[in-house]
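What follows is a structure written as structure tokens; I'll ask about it next.
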Amino acid sequence: MNRTVNTNELEAKKQLDIINELKERFDDEFRRTGIRKTYHIVTFGCQMNSRDSEKISGILKQIGYVETDTEDADFLLYNTCTVRENANNRVYGRLGHAGTIKKGRPGMLIALCGCMMQEPTAVEKIKRQFPFVDIIFGTHNIFKLAELIKIRLENEEKSNRQEEHMVIDIWKGTDLIVENLPNDRKYPFKAGVNIIYGCNNFCSYCIVPYVRGRERSRNMDDILDEITCLANDGVKEVMLLGQNVNSYGKDLDPPKSFAKLLLEVEKIDGIERIRFMTSHPKDLSQELIDVMGASKKLCNHLHLPLQSGSTRLLKIMNRKYTKEYYLDLVSRIRRAVPDIALTTDIIVGFPGETEEDFLETIDVVKKVGFDNAFTFLYSKRTGTPAAAMPDQVEESVARERFDRLLEVVQESALRRSKRYENTVQRVLVEEVNEQNNNLLTGRLGSNMLVHFEGDSSLVGSIIPVYLKESKGFYYIGTRV
Ligand code: SAH
Ligand code: SF4
Ligand code: F3S
């Protein structure tokens, strides 16, 4: 069903008022004590979470917190991921440590948000085992952070019993997109921009649709305004973000397409590089391939998750494409953009995966020749259809396949990276090496990193670099 985006300006105004109210209170405290309260955010998971953390950071800074690089902070937040079981375990491990810090730091607030908090069993466990946590919220109501802090502080004024202080506010879903709240971007020269939230695909192994809700596209004008402002602020590279960017605009009234959005972003002066993440192969249209072929600003990199090379398994995974379709799609993309770097995600050990299925995956990896692949051991996520499937693959078998796959991936990555050896490529300089201040790190359009000597004043500029040697996942280069 098509809809008009609910960008609720009243909600934004309400939150800005609360932010200002807290700011006055924090400023008063600062005048009395001479000390600013500190915050620290630990982000797990994907780019969606990183972008959310920037928004959270924006709200905290506006209230008057200053960022610190240790967890020993007045406000400590874990922005969690739950895509695989080990992501959850890492959070529980860190929380134990946070509790110890809090014992020696009166007034410290510990907050949890992100995908794992959308799972009621995880929240129940936290309430039981980590009662010192102060605030828990989910993926749908990040914009409410200031309000939740306010409620938490009021709870403490009302009662001195710790168990009555905790604030939990988790929404099952929403159609609300609150625009124009504070924002704190990690880099001044590159930025992630959400274009669509949620996912409708329900791949049978994946928990994301349950914790991020249904697809909601942002208004095209809001996206273009945001990118224009970014460009005016000096941003050169934007990464358009969504679980499946190819679905962008299908839910809007009137409908829009991702390819059309790209054409509009391309027109924005100052933006020199455009990336996007992630593309579901089933929705990657010929219209998009044509735009990729014609574009002057799109980077020559596409992340195209394969998951499995076995058509039989792809069907059970609910991926809605076959091995042949994927291979054909890759050749159509390569025809339009011959120099494209392709990366992918692959799951090993999905329920019922046989040696034959696995060999089909190896076959696709060899045929495509990926520039890199993120390989994952299948992890059972309660509530997803795959968790209830028979024939869960034994861990030792999955691990053995995983190691074999990794070898093929590494071979492919090294071979692909050799093609740029002894060439000059344009590089966006991103960072100064922490240990050696004369060493810079930059990124190619293909997304590969380059380390080379240079002055820190180059950070944020796009410059040509000679790539002397490939080390597989990065290059050693020199300035030209
Ligand atoms: N929306 C993106 C990916 C989101 S999750 C997409 O569709 O590509 C990132 C990756 O995690 C997925 O591509 C998949 O390879 C992996 N993943 C998701 N669920 C998993 C599970 N239950 N076990 C192992 N890996 C999983
Ligand atoms: Fe998960 Fe599939 Fe949606 Fe990606 S497209 S987030 S793998 S359900
Ligand atoms: Fe993890 Fe949520 Fe991203 S589950 S991968 S942080 S959408």
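Just so you know, all these numbers are worked out from the coordinates, no wet-lab data involved. Fair warning: this is a prediction, and the values are worked out from it, not measured in the lab. Neighbour counts run over all protein chains shown; Cβ positions are idealised from the backbone, glycine included.
Just flag the trypsin sites (Lys or Arg not before Pro) in segment 307-362 sitting in loop per DSSP whose Cβ has no more than 16 other Cβ atoms within 10 Å.
320
Can I ask one more? If the viscosity is 1.567 mPa s and the temperature 4 °C, what Stokes-Einstein diffusion coefficient in µm²/s follows for the chain when Rh is the Kirkwood radius over Cα pairs? Intermediate values should be presented prior to the final figure.
On the way: Rh = 24.1 Å.
After rounding, the answer is 54 µm²/s.
So how far apart, in nm, are the two label points at residue 328 and residue 423 if each is 7 Å from Cα heading toward Cβ?
If labels sit at residue 328 and residue 423, their model points lie 2.9 nm apart.
Next question. Rounded to the nearest 20 debye, what is the charge dipole size of segment 300-373 about its Cα centre when +1 sits on each Lys and Arg Cβ and -1 on each Asp and Glu Cβ?
It works out to roughly 340 debye.
For a quick check: with amide H placed at 1.01 Å from N, whose amide H comes under 5 Å from residue 374's, ignoring anything fewer than 5 positions away on the same chain?
Answer set, sorted by chain and number: 344, 345, 346.
Also, quick follow-up: Please work out the C-alpha center-to-center distance from segment 33-79 to segment 240-276 and express it in whole Å.
29 Å
Any lysines with Cα under 25 Å of the residue 102 Cα? List them, leaving off those in the same chain fewer than 8 positions away.
Cα-Cα hits under 25 Å: 23, 37, 55, 61, 125, 127, 144, 150, 158.
If we sort 289-299, 105-115 on the protection proxy, mean other Cβ atoms within 10 Å, highest first, what's the order?
105-115, 289-299
Give the residue list of trypsin sites (Lys or Arg not before Pro) in segment 126-205 that are DSSP loop and have at most 14 other beta-carbon atoms within 10 angstrom.
In loop regions of segment 126-205 (DSSP not H, G, I, E or B), the sparsely surrounded trypsin sites (Lys or Arg not before Pro) are 161, 172, 186.
Find how many whole Å separate the alpha carbon centroid of segment 368-434 from the alpha carbon centroid of segment 309-354.
The two parts, judged by their Cα centres, are 13 Å apart.
Per DSSP H run of at least 4 residues, take -39500 (n - 2.57); add these up for the chain, divide by its residues and hand me the 222 nm value, nearest 500 deg cm²/dmol. Don't jump to the answer; show the numbers that get you there.
Numbers: 13 runs with 179 residues, N = 480.
That comes out to -12000 deg cm²/dmol.
Please give the residues of segment 365-386, grouped as numeric ranges, whose backbone N is less than 12 Å from a label point set 7 Å along the Cα-to-Cβ vector of residue 85.
Only 378-382 pass the distance filter.
With just the Cα atoms defining each centre, how far is segment 91-137 from segment 146-223? Give it in Å.
17 Å
Normalising by the residue count of the chain, find the relative contact order in percent from Cα pairs under 8 Å and 6+ residues apart.
Here the relative contact order equals 11 percent.
Here is a follow-up. Could you give me the ³J(HN,Hα) list for segment 265-281, computed from phi with Karplus coefficients 6.51, -1.76, 1.60 and θ = phi - 60°, whole Hz, x at Gly and Pro?
4, 4, 6, 6, 4, x, 7, 9, 9, 10, 10, 8, 7, 10, 10, 7, x
In sequence order, what are the phi-derived ³J(HN,Hα) couplings for segment 284-290 according to the Karplus relation 6.51 cos²θ - 1.76 cosθ + 1.60 with θ = phi - 60°, rounded to whole Hz, with x for glycine and proline?
7, 7, 5, 4, 5, 4, 4
How about residue 256: which lysines have a C-alpha closer than 19 Å to its C-alpha, ignoring those fewer than 8 places off in the same chain?
Partners within reach: 267, 282.
Towards the positive end of the charge dipole of the chain, with charges on Cβ (+1 Lys, Arg; -1 Asp, Glu), say which of 337, 106, 96 has the farthest Cα.
337
Loop by DSSP (not H, G, I, E, B), at most 13 other beta-carbon atoms within 10 Å: where is the longest site-free stretch of the chain for GluC sites (Glu not before Pro)?
Counting at most 13 other Cβ atoms within 10 Å as exposed, the longest clean stretch of the chain is 1-393.
Moving on to the next point. Under unit Cβ charges (Lys, Arg +1; Asp, Glu -1), what dipole magnitude, rounded to 20 debye, does the chain have relative to its Cα centre?
Working: 68 positive and 70 negative charges, 95 e Å.
Taking the Cα centre of the chain as origin, the dipole is about 460 debye.
Let me ask something else about it. Just check segment 165-267 against the gyration tensor rule for me: Cα atoms, a ≥ b ≥ c as the square roots of the eigenvalues, rounded for a/c under 1.5, and otherwise prolate or oblate depending on whether a/b exceeds b/c.
oblate
Next up: What is the angle, in °, between the Cα long axis of helix 395-418 and the longest principal axis of the Cα atoms in the chain? Nearest 10 is fine, range 0 to 90.
With rounding to tens, the tilt is 70 degrees.
Give the lysines whose C-alpha is closer than 26 Å to that of residue 418, dropping any in the same chain fewer than 8 places away, or say none.
Correct list for residue 418: 296, 297, 366, 367, 468, 471.
Here's a follow-up. Relative to the longest principal Cα axis of the chain, at what angle does helix 220-232 sit, 0 to 90 degrees, rounded to 10?
Between the helix axis and the principal axis of the chain, the angle is about 90 degrees.
Once the dipole of the chain is set up with Lys and Arg at +1 and Asp and Glu at -1 on Cβ about the Cα centre, which of 271, 22, 310 lies farthest towards its positive end?
The listed residue farthest towards the positive side: 310.
Tilt of helix 145-158 relative to the longest C-alpha principal axis of the chain, in degrees (0 to 90, nearest 10)?
On a 0 to 90 degree scale, this one is about 30.
State the cysteines of the chain left without a partner when partners are defined as other cysteines whose beta carbon lies under 4.7 Å away.
46, 81, 113, 115, 199, 229, 299
Continuing with this model, one more query. With point charges of +1 on the Cβ of Lys and Arg and -1 on the Cβ of Asp and Glu, referenced to the Cα centre of segment 127-236, which listed residue (220, 151, 165) lies farthest in the positive direction of the dipole?
Towards the positive end, the residue furthest out is 165.
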